[in-house]
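Scroll down for the structure; my scribbles are underneath it.
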Amino acid sequence: MLVWQSQLLFMIDYTKSAKFFWDWFSGRQFEYYVIESLDESQQENLINQMLIQLQAYCANLYFEISKNLYGKQELIISAGGDPSLFNVVDSLVRAAPEFEKWNIISLKPPVLENFEMNYEGIVINTENLFFAPLKMKDPSSKISLRLFLENYKMERKEDYLEAAWNIMDSMLGERSCAEDIGYLDIEGIPNPQMIEFNINSGALFRISEVRKYVEKNRLVSSQINNVV
């Protein structure tokens with residue numbers, strides 16, 4: 001998967017519409033379809049062109065391109081995890097025409113398999129990551145989780161926490177991470193020999209179970225809010 005985010009600074013023209021962006025992309029869609037086969041300078045040029053057009057529609061958006069089945073590519077429009085821009089992204093994607101070679105996706109979808117993340121030299125394999133729910137004072141509030149990692153280094157707590165949020169963003173998808181998770185923490189595993197015992201007793205969960213847990217508790221929260 002190719003991921004690009006921009007720090008480009010330029011005057012933002014909010015008069016540019018969704019149609020303007022999609023008309024622009026339609027005329028260049030085949031260049032982006034083969035972007036991985038191009039040399040580095042060509043890729044960089046296309047990346048910058050796309051970011052300028054996308055951020056002319058709305059600042060602080062970025063995009064990902066990933067391969068899909070049946071010869072298609074996915075163009076994922078992301079709000080960078082900013083919930084205030086989710087509606088903006090949704091509107092842009094709804095305005096997209098049908099493309100023969102592209103699926104257009106609003107916000108980053110969840111990653112459905114285990115993966116390895118490298119954040120500032122901190123390498124975390126999700127196979128070695130576990131979580132425990134934290135009790136919420138208000139059952140209708142967002143979900144609180146504590147993540148556990150065997151090779152956790154306390155002296156880099158802030159970096160580990162940032163890595164944890166990035167992992168949640170990938171595991172749950174951009175929308176769910178922002179809308180469902182209210183608090184996240186990460187710690188080491190005090191007694192790795194007790195992992196299986198804690199899993200079997202329901203005190204600890206493998207991170208691969210986090211989507212199921214969030215969906216279940218989102219439903220509970222929704223039911224409580226509807227009653228209220």
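Odds and ends about this structure:
- The chain: angle of helix 40-57 to the longest principal axis, Cα-based, in degrees nearest 10: 90
- Working from label points 7 Å from Cα in the Cα-to-Cβ sense, the residue 114 to residue 153 distance is 2.3 nm.
- The mean of 1/r over all distinct Cα pairs in the chain, once inverted, gives the Kirkwood hydrodynamic radius of 19.7 Å.
- Whole-number percent relative contact order across the chain, with pairs defined as alpha carbons under 8 Å at least 6 apart: 17
- Theoretical gain in end-to-end length, residue 203 to residue 132 [0.36 nm per residue, Cα-Cα removed]: 24.9 nm
- Nearest 10 degrees, 0 to 90: helix 210-227 Cα axis against the chain principal axis: 90
- Placing 108, 153 in order of accessible area, with the largest value first and a 1.4 Å probe, yields 153, 108.
- The mean accessible area for residues of region 65-191, using a 1.4 Å probe and ignoring ligands and nucleic acids, is 52 Å² per residue.
- Short-range pairs are left out: with C-alpha atoms under 8 Å and at least six residues apart, the relative contact order of region 24-79 is 21 percent.
- Local net charge near residue 126, Cβ-Cβ under 15 Å (Lys/Arg +1, Asp/Glu -1): -3
- Beta bridge orientation in the chain: antiparallel %, DSSP, nearest 5: 60
- Within a straight-line Cα-Cα reach of under 28 Å, residue 142 can be paired with the following lysines, leaving aside sequence neighbours fewer than 8 residues apart in one chain: 108, 153, 157, 212, 216.
- Accessible area of the chain belonging to carbon and sulfur atoms, whole % at 1.4 Å probe: 51
The values are calculated or read from the model by the stated rules, or taken from the named source; none is laboratory data. Just so we're clear, the structure is a prediction, and the values are computed from it rather than from any experiment. A quick note on method: Cβ atoms are made from the backbone with ideal geometry, for glycine too, and the neighbour counts reach across all protein chains shown. Accessible surface is based on the protein model in full, side chains and every heavy atom, while ligands, DNA and RNA are left aside. Shrake-Rupley method; radii C 1.70, N 1.55, O 1.52, S 1.80 Å.
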